[in-house]
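Colleague: Below is a structure I'd like to ask you about.
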Amino acid sequence: MAGAEGHAGRQSELEPVVSLVDVLEEDEELENEACAVLGGSDSEKCSYSQGSVKRQALYACSTCTPEGEEPAGICLACSYECHGSHKLFELYTKRNFRCDCGNSKFKNLECKLFPDKAKINSGNKYNENFFGLYCICKRPYPDPEDEIPDEMIQCVVCEDWFHGRHLGAIPPESGDFQEMVCQACMKHCSFLWAYAAQLAVTKVSAEDDGLVLNVDGIGDQEVIKPENGGHQDSTLKEDIPEHGKDAVKEVKAEQTSEPCTSSSSASDPQTVFKNQHLNTESQSGCKLQDLKAKQFVKKDTATYWPLNWRSKLCTCPDCMKMYGDLDVLFLTDEYDTVLAYENKGKVDQAADRRDPLMDTLNSMNRVQQVELICEYNDLKSELKDYLKRFADEGTVVKREDIQQFFEEFQSKKRRRVDGMQYYCS
């Protein structure tokens, strides 16, 4: 007997211990995540009739449009109704996209929800994500051949997903930043470097931890100095307003294998503006022009940005024209962010979420309502007393314990019903 008890004890040590609270918290977390991603999208109606939706949950069907075919994206409702048994790639959310389901890219499928679609959606943008490949390494996620634990982060500009180790700078803790702009998009939108000196979340150099995060091994940086600091920055002329070009000068720093780290030296470009703040009132009328007149650093890395950083971008006519030319006008739209989409989904789900108990009660007559409420109160009271024993003893509630409770509860209920006496008047 003692041996059997010892074996049972060793067996219980091997089993993962999960408390009821853990299960409930995990279930609530998964439900909240689903509400955040899917809540802002319609699960029953194809989104095609809405045109290019500002932001929605999207999928790509590998069964209908495999690699080698033209890329295509489908909305949430079509993923359920038209592609339920197909192999899908979950694309999370993307902006300004119109559902492709059943158009000319799908050779043998007609959309069940909205068959009358144009042959193509010329305003849609596609990348390797639509074939299940992500990051500059063009690998699937999850990747069975990648043994390095790493999170994937979505770029707010191109909306591709990147491994943290492939961004050129170690990502801060997930709670310390709201959005990320990848290396390629920082080159495309190099005006953001002027803002990064003031607004971006503090970055840690990759080499500080002995990690090589930049796949290409590029380590150059440019120190951009004000008007009295050298020749003009020709790379910035392409993406700054006309009236701001003459205010910007650059000095090309020597290429080095050592990272640019923070120090107390006043010559360190990352320290120069460490304690400065972005002025909300611009003397020239253009925040970007004023920032370009100061010293800042450009590096071959991604940047990480805090909550509400977009509201600090200049919206003068010249800057708005520049955003349009670079196709990044969405940066000035507060409702474009994934956070805004997720919050909308949570609000919509909370408004639509109905109490199943109340729905059941409303479908019953008064006698049935009273009986159900009594049964519910009995169940709640007995379950509370049953679980309290485990809490008092400090033991874990297991699956078999819950099964035993409901078996005993049903048995008690049958005895009560069988023992009832009915009288006729």
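Colleague: On a 1.4 Å probe surface of the protein chains, which of Ile148, Ile74 comes out largest in accessible area, and what is the full order?
Modeller: On the way: Ile148 95, Ile74 0 Å².
Order by accessible area, largest first: Ile148, Ile74.
Colleague: For the stretch 80-145, give the percent of accessible area contributed by carbon and sulfur heavy atoms, probe 1.4 Å, rounded to a whole number.
Modeller: 49 percent
Colleague: Fully extended, how many nm does the chain gain between Leu361 and Arg414 (0.36 nm per residue separation, minus their Cα-Cα distance)? Could the numbers behind the result be given before it?
Modeller: Working: separation 53, 0.36 × 53 = 19.08 nm, distance 2.23 nm.
In short, 16.8 nm is gained.
Colleague: Under a 1.4 angstrom probe, counting protein chains only, how are Lys117, Lys413, Lys321 ranked by accessible area, largest first?
Modeller: Working: Lys117 30, Lys413 70, Lys321 125 Å².
Ranked list, largest accessible area first: Lys321, Lys413, Lys117.
Colleague: If you consider only alpha-carbon coordinates, what radius of gyration and Dmax does the stretch 67-140 have, in Å?
Modeller: For the stretch 67-140, the Cα-based Rg and Dmax read 12.3, 38 Å.
Colleague: Let me ask something else about it. Subtract the Cα-Cα distance of Glu400 and Glu110 from 0.36 nm times their separation in residues, and report this length gain in nm to one decimal. Let's see the in-between values first.
Modeller: Values: separation 290, 0.36 × 290 = 104.40 nm, distance 4.78 nm.
Here the segment from Glu400 to Glu110 would lengthen by 99.6 nm.
The values are calculated or read from the model by the stated rules, or taken from the named source; none is laboratory data. Predicted model only: the values in this text are computed from it and were never measured. Note: accessible area is taken over every heavy atom of the protein model, side chains too, but ligands, DNA and RNA are not part of it. Shrake-Rupley method; radii C 1.70, N 1.55, O 1.52, S 1.80 Å.
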